[in-house]
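Data block below; observations after.
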Amino acid sequence: MAQIKDQYDGLVIGSGIAGMQAALDLAGQGFQVLLVERQPSMGGVMVGLNKVFPTLDCSSCICTPRMAEVAHHERITLLTYTEVQRVAPLDPGFRVTLLKKPRYVIEEDCIGCSLCELACDVFVPHEFEYGLGARRAIYIPHSNAIPQVAVLDPEHCVFDGNCAKACPKDCIDFAQLPEEYTVEVGAVIVASGLQLTPMDAKGEYGGGKLVNVMNPLAMERIQSSNGPYGHVLRPSDGKIPKSVAYVQCAGSRDASIGVPYCSRVCCMYALKQAVLIKHELHDTDVTIYHMDIRAFGKGYEHFYRRAVAEGVRVVKAKVAKITEAEDRDLILRVELIDEGSRVADIRHDLVVLSQGLIPGWHSGAALPTKEARDGFFEVPELATQPARTTVDGIFVAGVATGPKDIPDSIVEAGAAAMEAAMYLDRTRAGRTAEVSATGA
Amino acid sequence: MSDTRRSEWRDALRLFRERMGGLTEAKKAYLKSDRDTRKAVREALKSGPKTVPELARQLDLPSENVTWYVMALRRYGEVVEAGRAGDYLRYALKESER
């Protein structure tokens with residue numbers, strides 16, 4: 001594990017695409033950056049995606065070089081499996097308390113050989129694969145994980161010591177305890193990202209109950225080449241699906257589940273996944289049931305037209321409920337808007353709920369910033385200063401302020417890094433000894 | 001690993017086990033079910049490649065559990081794909097596992 005200093009110019013919270021970009025943009029200006037990530041490895045949601053819209057670039061192919069750059073950067077200290085407990089204003093600057101959770105593995109000695117994982121005799125549903133794939137009680141988070149270091153899950157550990165016996169570097173350390181660190185920093189950038197609206201938020205859709213009603217990030221995993229199935233197959237019985245349905249606005253634009261806003265990216269990720277299903281399974285029907293198609297960005301309308309041209313069926317219809325038929329197929333009761341609002345029961349063998357985006361982290365008392373009514377970090381001057389929170393010196397980027405796509409997250413990260421740099425120059429807060437691209 | 005180091009981690013493991021509340025009945029039950037299912041899937045595949053529904057019928061287990069275990073064993077190299085049967089893939093024990 002890297003040496004943690006007493007002082008950093010900038011703290012970045014979250015190592016998804018926005019956090020990584022902000023850390024690189026700040027460190028690139030000559031500042032010392034501490035990047036804190038609560039998961040055992042970096043990359044946020046993006047590292048687990050298959051391809052990105054509208055270019056269909058491989059997501060991890062564009063994400064992992066940044067991860068590697070961050071991990072090897074001489075001015076970035078990366079702390080994984082660590083939570084921010086408190087950011088207290090020093091005016092200027094902040095005192096930060098961090099809690100590093102125990103991996104039960106000595107990070108600097110682990111070579112990521114996986115022998116501990118292979119020796120462990122407990123199979124556990126893998127959170128990275130949204131439960132569809134397996135890991136062991138001690139495991140390397142995934143093939144692209146940085147750091148490529150094992151982590152032990154005490155909840156499933158049966159204390160047989162098989163991992164320690166197998167480890168060639170003798171780096172399993174059952175004596176590890178949580179460690180608290182206090183550092184002083186100049187500026188803070190929050191990039192705490194997203195999670196999806198819970199699958200069971202709308203009971204009528206059967207999410208979380210019906211096996212073949214899928215989480216869209218789980219679909220990303222089964223579409224990925226390093227995913228749990230190797231192919232697009234349905235979870236109930238491994239069948240190659242012949243008729244896939246996407247339900248748009250499944251976890252957004254719905255006051256009844258507490259998510260009244262539009263989540264911005266769901267139309268595009270559904271179109272993207274639909275196109276890729278058609279590429280893999282030429283004879284499979286894919287239907288997107290939508291309220292509107294929001295293809296707002298550069299190249300997005302073109303991608304939508306391409307999807308339709310490639311045979312994706314885009315139907316304006318509100319899905320009222322989803323029930324299970326025999327063979328675990330699904331029946332969708334839909335109101336077909338373009339057919340005079342005719343109500344129909346339509347059968348599919350696999351459904352993906354295009355769940356919306358909600359905040360990845362509610363900071364509560366940990367940060368002195370305010371939360372907006374929608375639960376995201378409040379940006380008081382949204383139209384003119386989109387990177388500023390309610391506290392001077394704490395900046396924000398990415399989905400932490402609201403749903404957005406990858407390009408917008410990257411742009412905001414740059415903006416937050418620039419604001420943080422200007423704050424540091426203005427206040428001379430938290431300046432470390434060897435610093436400053438401006439020479440000031 | 002030296003004998004000193006081995007006895008060190010065994011002591012640490014014992015304390016860790018105590019701190020984590022030991023091997024509870026729930027954990028024992030989970031482990032037994034996990035091991036039994038893996039064993040049953042391996043045994044069923046010894047007689048030849050099968051689809052997930054065929055395995056589920058033979059083992060009288062929920063097919064989503066069988067899917068999960070087949071994919072888990074595939075991930076860890078014990079099971080491989082072995083052709084297609086209609087809309088399903090067949091799975092077989094890897095040659096070296098037979």
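The values are calculated or read from the model by the stated rules, or taken from the named source; none is laboratory data. Computed from a prediction, not measured in an experiment: that's the story for all the values here. Cβ placement follows ideal geometry from the backbone for every residue including glycine, while neighbour counts extend to all protein chains displayed.
Overview of results
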quantity: Index of the failed condition, residue A:83 passing every other in (1) free of Cβ contacts under 8 Å to residues at least 60 places away in the same chain; (2) in contact with a Ser or Thr (Cβ under 9 Å, 6 or more places away or on another chain); (3) surrounded by fewer than 22 Cβ atoms within 10 Å (Cβ to Cβ); calculated: (2)
quantity: Matching residues, the stretch A:222-247, being more than 10 Å from chain B (Cβ to nearest Cβ) and crowded, with 24+ Cβ neighbours inside 10 Å; calculated: A:244, A:245, A:246, A:247
quantity: Residues satisfying the stated conditions in the stretch B:28-73, i.e. within 9 Å of chain A (Cβ to nearest Cβ), out of contact with any helix residue (DSSP H, G or I) (no Cβ under 7 Å at 6 or more places or on another chain) and either surrounded by 22 or more Cβ atoms within 10 Å (Cβ to Cβ) or among the aliphatic types (A, V, I, L, M) (or both); calculated: B:31, B:51, B:68, B:71, B:72
quantity: Some residue of the stretch A:47-55 being surrounded by fewer than 24 Cβ atoms within 10 Å (Cβ to Cβ) and among the small types (Gly, Ala, Ser); calculated: yes
quantity: Matching residues in the stretch A:331-359 - criterion: being more than 15 Å from residue A:288 (Cβ to Cβ) and within 14 Å of chain B (Cβ to nearest Cβ); calculated: A:349
quantity: Test for residue A:324: is it acidic (Asp, Glu) and more than 14 Å from chain B (Cβ to nearest Cβ); calculated: no
quantity: Search result, residues across the stretch A:153-176 that are more than 9 Å from chain B (Cβ to nearest Cβ), of a type in the set (A, V, I, L, M, F, W, C) and either surrounded by 23 or more Cβ atoms within 10 Å (Cβ to Cβ) or part of a loop (DSSP other than H, G, I, E, B) (or both); calculated: A:163, A:171
quantity: Tally of residues being touching a residue at least 60 places away in the same chain (Cβ under 8 Å) and under 31 Å from the mean Cα position of the chain (by Cα) across the stretch A:161-192; calculated: 21
quantity: Number of positions in the stretch A:202-221 that are over 18 Å from residue A:286 (Cα atoms) and surrounded by fewer than 22 Cβ atoms within 10 Å (Cβ to Cβ); calculated: 7
quantity: Close pairs (9 angstrom Cβ cut-off, 6 or more residues apart or separate chains): crowded, with 24+ Cβ neighbours inside 10 Å in the stretch A:256-273, of a type in the set (S, T, N, Q) and assigned to a helix (DSSP H, G or I) anywhere; calculated: A:273/A:223
quantity: The lone exception for residue A:184 - which of (1) more than 23 Å from residue A:101 (Cα to Cα); (2) of a type in the set (Asp, Glu); (3) touching a Gly at 6+ places or on another chain (Cβ under 8 Å); (4) outside any loop (DSSP other than H, G, I, E, B) it fails; calculated: (1)
quantity: Test: residue A:375 is surrounded by fewer than 18 Cβ atoms within 10 Å (Cβ to Cβ), touching a strand residue (DSSP E or B) at 6+ places or on another chain (Cβ under 8 Å) and assigned by TED's automatic domain parsing to the domain that holds residue A:18; calculated: yes
